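The values are calculated or read from the model by the stated rules, or taken from the named source; none is laboratory data. This one's a predicted model, so the numbers in the text were calculated from it and none came from an experiment. In this analysis, Cβ positions are derived from the backbone assuming ideal geometry, glycine residues included, and neighbour counts consider all displayed protein chains. Surface accessibility is based on the protein's heavy atoms, side chains included, excluding ligands, DNA and RNA. Shrake-Rupley method; radii C 1.70, N 1.55, O 1.52, S 1.80 Å.
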Amino acid sequence: MVRIISFGIFHTALFNCFLTEIPYGCEDNPEVACARGEKAIVAQVAVFSYVLLGNLAVVVFICLLVYAVYKQEKKSDRYLSKGQAKNRKNTINTAWQGV
């Protein structure tokens with residue numbers, strides 16, 4: 001965060017403080033010169049990409065966990081007695097914990 005502040009692109013955006021240019025909208029208007037933060041969009045894309053990839057990794061690992069529990073329960077089906085119903089309670093509980 002200190003590195004971003006030293007680049008001079010951390011300012012008040014529309015609703016909060018974020019990576020933006022001063023004055024707001026100077027990148028889109030060639031008549032207005034940017035005082036600071038000319039390349040703020042690059043930093044915004046980097047931050048949002050990092051957050052998106054982090055969330056995607058969490059979703060992938062939760063899906064892998066649910067699949068591993070499902071596989072284990074499916075393997076245990078061969079030990080059921082005749083007429084005994086299959087139980088997928090642990091798979092469902094794991095899926096809800098991931099949500």
Top-ranked residue of segment 30-44 - restricted to ones that are out of contact with any strand residue (DSSP E or B) (no Cβ under 9 Å at 6 or more places or on another chain) and at pLDDT below 75, ranked as least open to solvent (accessible area, probe 1.4 Å):
38
Within the set of pairs 6+ apart or on separate chains, which have a first residue in segment 43-71 that is within 30 Å of residue 88 (Cα to Cα), a second that is open to solvent by 60 Å² or more (accessible area, probe 1.4 Å), and C-beta atoms under 7 Å apart?
69/90
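Go through segment 46-99 residue by residue and tally those that are among the charged types (D, E, K, R) and open to solvent by less than 80 Å² (accessible area, probe 1.4 Å). Spell out the reasoning first.
Residues of segment 46-99 among the charged types (D, E, K, R): 71, 73-75, 77-78, 82, 86, 88-89.
So of that shortlist, the ones also open to solvent by less than 80 Å² (accessible area, probe 1.4 Å) come out as 73, 77, 88.
Within segment 46-99, residues that are among the charged types (D, E, K, R) and open to solvent by less than 80 Å² (accessible area, probe 1.4 Å) number 3.
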